[in-house]
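Read the structure below first, then the notes.
The values are calculated or read from the model by the stated rules, or taken from the named source; none is laboratory data. Predicted model, so just to flag it, every value in this text is computed and none were measured. Glycine also receives a Cβ, built like all others from the backbone with ideal geometry; neighbour counts cover every protein chain displayed.
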Amino acid sequence: MLFPVADMPPALTRESVDRGQLSRKVRGEERRARALERLVDVFAKRGYQAATVDHLIAGGQISMGSFYKDFEGKEDCFVAVYDLVEAEARERIAAAVPAQADWAATATCGVRAAVEYAAGRPMAARLVLLEAQTGGERALGRYDATLKALAAFLREGRSQAGAAEDLPASFEDATVSGLAWLLQSRLAAGRIEDPGELWPLMARMVLEPYLGATGAEKAIRAHS
């Protein structure tokens, strides 16, 4: 005679099986998240080109089987790490922007939060700003998409009162490239030594063409 479900041992009930499957899934996701966080430093310190799968397995503290279960290879792993860092940076920046902020406040607070993030997480910033450019086609596509999204946001500043009317069509792309170069040069040198000096400089680069020098300084002072 079959046991009624209610009389079955807990380990054999459907509910307990589902819980066990969920628990394994959660543990797997947590293991992968911990590995990705450790892999930020591996890629940033060794560089994408020099890092091998053996380096990633050792640095990520995962097995060969787990690595190939989670990733197709080194490039796929790098893209996953890039996505992790970018999501973290976006979250940090979004949290720094006040609710109902206008374009100027969003730009000012966004620049400050981005610089402070890069200063506090230099290995993560190095991965996104430097290593992504040699991390394969997919990584480069991610990097280019990030820059284009920033340029699209800056372009909204053209609607600000007093914005220069004769800005070339490629102005925002050039501005974003200049901002990225500033951060890249600091990161390549080792670290961002004075984020409190750097972020107002970068904020002026962003704001002055749209708000003028006086308007830019006012926005910077309001969020210092």
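Here is a yes/no grid of residues against (1) among the aliphatic types (A, V, I, L, M); (2) at pLDDT 95 or above; (3) within 29 Å of Gln61 (Cα to Cα):
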| residue | (1), (2), (3) |
| --- | --- |
| Val79 | yes, yes, yes |
| Ala107 | yes, yes, no |
| Ala118 | yes, yes, yes |
| Leu127 | yes, yes, yes |
| Gly135 | no, no, yes |
| Tyr143 | no, yes, yes |
| Leu147 | yes, yes, no |
| Ser159 | no, no, no |
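Taking only pairs six or more apart or across chains, which ones have beta-carbon atoms under 7 Å, a first residue in the stretch 28-39 that is under 17 Å from Arg121 (Cβ atoms) and modelled with pLDDT of 90 or more, and a second residue that is of a type in the set (A, V, I, L, M, F, W, C) and assigned to a helix (DSSP H, G or I)?
Leu36/Ala80; Leu36/Val81; Leu36/Leu84; Leu39/Leu56; Leu39/Cys77; Leu39/Val81
Against the conditions (1) more than 21 Å from the chain's Cα centre (by Cα); (2) part of a helix (DSSP H, G or I), where does Ser224 fall short? Just the number, please.
Unmet condition: (2).
Within the stretch 122-167, work out how many residues are of a type in the set (D, E, K, R) and either closer than 13 Å to Trp103 by Cα or crowded, with 16+ Cβ neighbours inside 10 Å (or both).
From the stretch 122-167, those of a type in the set (D, E, K, R) are 126, 131, 137-138, 142, 144, 148, 155-156, 158, 165-166; that's our starting set.
Then drop every residue that is not either closer than 13 Å to Trp103 by Cα or crowded, with 16+ Cβ neighbours inside 10 Å (or both), which leaves 126, 131, 142, 155-156, 158.
The number of residues fulfilling the criteria is 6.
Hey, any hits in the stretch 84-96 for a residue that's out of contact with any Ser or Thr (no Cβ under 8 Å at 6 or more places or on another chain), over 26 Å from Arg186 (Cβ atoms) and surrounded by fewer than 16 Cβ atoms within 10 Å (Cβ to Cβ)? Don't jump to the end; show me each part of the working.
We begin by selecting, within the stretch 84-96, every residue out of contact with any Ser or Thr (no Cβ under 8 Å at 6 or more places or on another chain); these are 84-85, 87-96.
Pick out the ones that are also over 26 Å from Arg186 (Cβ atoms) and you get none.
The answer is no, given that none of the residues of the stretch 84-96 is out of contact with any Ser or Thr (no Cβ under 8 Å at 6 or more places or on another chain), over 26 Å from Arg186 (Cβ atoms) and surrounded by fewer than 16 Cβ atoms within 10 Å (Cβ to Cβ).
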